[in-house]
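The values are calculated or read from the model by the stated rules, or taken from the named source; none is laboratory data. What you see is a predicted model, and the numbers here were worked out from it, not measured in a lab. For neighbour counting, all protein chains shown are included, and Cβ atoms are generated from backbone atoms with ideal geometry for every residue, glycine included.
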Amino acid sequence: MPVEVLAKENGLILARQDHEKIYRYLYLTRLTDEVLVKKYTQGQLQELVHSCQGEEAVAVGSGIQLRPDDYVLPSLRARAYFYMKGISSREMMAGAYGKVTGPAQGKNTSHHLGDMKRGVICGTGIVGGSIPLAVGVALGVKMSGRDSVVLVTFGDGATSRGDFHESLNLAAVWKLPVVFVCANNGWAMGNRTSKETAVDRISRRAAGYGMPGETVDGTDVLAVYEASAQAIRRARAGEGPTLLECMAYRWGGHSARDPQTYRSSEEAEEGRKYCSLAKYRTYLLNQRILSAEDMARIEDAVKREVEDAVVYSEQSAYPSPEIVATNVYA
Amino acid sequence: MTVLSVREALRQALREELQRDPKVFLIGEDIASYGGCYRVTEGLLAEFGEERVRDTPLSESVIVGCGVGAAMMGYKPVVEVMFADFVTIGMDQLVNNAAKMRYMHDGDIELSLVLRMPQGGGSTLGPHHSQCVEAWLLNVPGLQIVTHSNPHDAKGLLKSAIRDPNPIVFLEHKLLYNSKGEVPDGDYTVPIGKAQVVRPGKHVSIISYSYMVTTSLAAAELLAAENVEAEVVDVRTLRPLDVGTLAESVKKTGRAVVVHEAPVIGGAGGEIVSALHREVFDYLDAPIERVGALETPVPFSQVLEQAYLPDKERIIAAVKSTLNL
């Protein structure tokens, strides 16, 4: 089975508004992704879409707990963090279109955007390149005596990089406030994770660096929430870093251009059974936290938000060539 | 004025900047307890403590990453990579993050970072502890690259680099650490982006940087005995290059030889020659010559290493060829 479902009794007590927020971000991430994939296939986007369908709960469950003074370094497949940090659907969508109203006036893609004031650090097209950077950000946080947390996310493939190991090691030695979130979606581009890793759980690597590691069901947003809460608490309390592995399954290809010659459509379909949205909907209904009508209302608002973002992006201008050489140096 | 070695001048710069600005800190392998492989940071741990003078594991990638990340948090890290050859391990963080973060954030960040590295051969340290790496980094917009050839510039330029809001690669040379010269007392800086004429002359401009300025000056002395007056210009900052000062010299002399220790092909000399070319075309009495090391890895055994490195004789030969002598 591509994803092992880890049974977990969630003893979490969240307020109704928290559940509404979580549901909204899950749905917003899913819908935006579907729209982006469609628009990309129609040739309307400049940005190559890296779908995060199947993994939404990893970002939502962990990111929803970040404070404004916390930092996040999202991977290429972790769109939800941007929304949770206060970046608008409009700016994200305009970025995918390459418009001047997108991040950095079009100098950067939406999935790598940075916004220092909101605590979002630009991603890098070098997979895993944010991991050593996150350690530096955490060093700055610790040196300043703040209790902010630095959350860096990456896929299972990135954990094969040498400096992933350097980063865990140094973060543990210096007890830096980093939460390393690994979305293990079973695939490193076109290669199965099992062909790239001799260890059955990436979280085991944490023990090699003297830091806690945990694996949870990455399609269960509350499981991710609970494990993240502990990791964030540890970091804030000065107890050092954690490696949190969230098991999921990558629904789409590596990117929207990926012909997916490496897996059968049956297997891809199997993977779609692990749906964080469906799982959470079931939970909310069974626990009578939200009704079907409540969820429909949230979904309608999100649909309008995404439609507005599309219209905004289509109407926005492309950047002018005059800005191409600005802000290279201070 | 006090006579100091380059090592002492660099140490003073670090010490004064650590005192002056609480955001400055040092990070690198063996810079704290060991005092630095070339002893530049000796004594600083005792004075400033391990929060501000930090030893790291053997991890150039995360070391440079720490520099970039902490700089984005408003700190002024001075990262030491023990030998410039090891920058290869930190290249992703340096080239893909440090050089590009400001652009990708469209200016909305701080990134005041200095990366100090000893480079160069002449100490029989072999192929992996002797390279000059400036050309590897020169083609990266977003970085600045600074060198020095004497204690005065070492201290003044390091202070400027630390205060500068941009990421700066600060290249030191192993053979210069003991080299002595006069250094003003008190605080002073030397501007980044300015070359300097270190020996006036009228027959040819020898344009060089780092340790090769020393070799160029020695060549100029020998040439003077043959009535060839060479002007020696110290480039100092490679990026941004002070084409104006270089051009002014070549327009005066009509001849130029560009000297660096790195091998010629793909070396920074090619950039200097090309940048000059348009400015001085009508003033040249001969093509501009380049002198650099041989196109080989740096050999270990002294005889081989000395054959590899540019020396006074090769510079003199190049000068003479511009004079058709």
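Computed quantities for the displayed model
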| read-out | value |
| --- | --- |
| Residue match in region A:176-192 (condition: facing chain B (nearest Cβ under 9 Å), in contact (Cβ under 8 Å) with a residue 40 or more places away in the chain and hydrophobic (A, V, I, L, M, F, W, C)) | no |
| Any strands (runs of 3 or more DSSP E) falling wholly within region A:122-240 and containing at least 1 residues that are β-branched (Val, Ile, Thr), modelled with pLDDT of 95 or more and under 30 Å from residue A:103 (Cβ atoms) | A:150-155, A:178-184 |
| Residue within region B:32-44 that is within 14 Å of chain A (Cβ to nearest Cβ) and farther than 18 Å from residue B:169 by Cβ present | yes |
| Residue match in region A:94-113 (condition: within 30 Å of residue B:78 (Cβ to Cβ), in contact with a strand residue (DSSP E or B) (Cβ under 8 Å, 6 or more places away or on another chain) and at the interface with chain B (Cβ under 9 Å from one of its Cβ atoms)) | yes |
| Those helices (runs of 4 or more DSSP H) lying entirely in region B:222-325 with at least 1 residues over 30 Å from residue B:140 (Cα atoms) | B:243-253, B:302-308, B:312-322 |
| Region B:163-180 - residue that is part of a helix (DSSP H, G or I) and either more than 14 Å from chain A (Cβ to nearest Cβ) or of a type in the set (Phe, Trp, Tyr) (or both) and, of those, surrounded by the fewest Cβ atoms within 10 Å (Cβ to Cβ) | B:175 |
| Hits in region A:37-61 - residues which are closer than 21 Å to residue A:316 by Cβ, buried (at least 19 other Cβ atoms within 10 Å of the Cβ) and charged (D, E, K, R) | A:39, A:47 |
| Qualifying residue in region A:123-140 (condition: more than 8 Å from chain B (Cβ to nearest Cβ), surrounded by fewer than 24 Cβ atoms within 10 Å (Cβ to Cβ) and among the β-branched types (Val, Ile, Thr)) | yes |
| In region B:77-110, the residues that are over 20 Å from the mean Cα position of the chain (by Cα), farther than 15 Å from residue A:73 by Cβ and more than 7 Å from chain A (Cβ to nearest Cβ) | B:110 |
| Condition check for residue A:161: of a type outside the set (Gly, Ala, Ser), surrounded by fewer than 24 Cβ atoms within 10 Å (Cβ to Cβ), more than 7 Å from chain B (Cβ to nearest Cβ) and more than 24 Å from residue A:200 (Cα to Cα) | no |
| Yes/no for residue B:71 being closer than 13 Å to residue B:167 by Cα and touching a residue at least 24 places away in the same chain (Cβ under 8 Å) | yes |
| Options B:245, B:215, B:296, B:237: the member that is over 24 Å from residue B:120 (Cα atoms), polar (S, T, N, Q) and either under 22 Å from the mean Cα position of the chain (by Cα) or modelled with pLDDT of 95 or more (or both) | B:245 |
| Segments classed as helices (runs of 4 or more DSSP H), wholly inside region A:11-85, with at least 3 members that are farther than 18 Å from residue A:225 by Cα and either of a type in the set (Phe, Trp, Tyr) or touching a residue at least 60 places away in the same chain (Cβ under 8 Å) (or both) | A:16-41 |
| Selection from region B:29-44 of residues that are at negative phi, without any contact (Cβ under 8 Å) to a residue 60 or more places away in the chain and under 25 Å from the mean Cα position of the chain (by Cα) | B:29, B:31, B:32, B:34, B:41, B:42, B:44 |
| 2 or more residues surrounded by 13 or more Cβ atoms within 10 Å (Cβ to Cβ) and at pLDDT 95 or above: qualifying helices (runs of 4 or more DSSP H) within region A:241-330 | A:276-286, A:292-315 |
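This table checks each residue for (1) more than 30 Å from residue A:211 (Cα to Cα); (2) free of Cβ contacts under 8 Å to residues at least 60 places away in the same chain; (3) more than 18 Å from the chain's Cα centre (by Cα).
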site	(1), (2), (3)
A:225	no, no, no
A:235	no, no, yes
A:242	no, no, no
A:253	yes, no, no
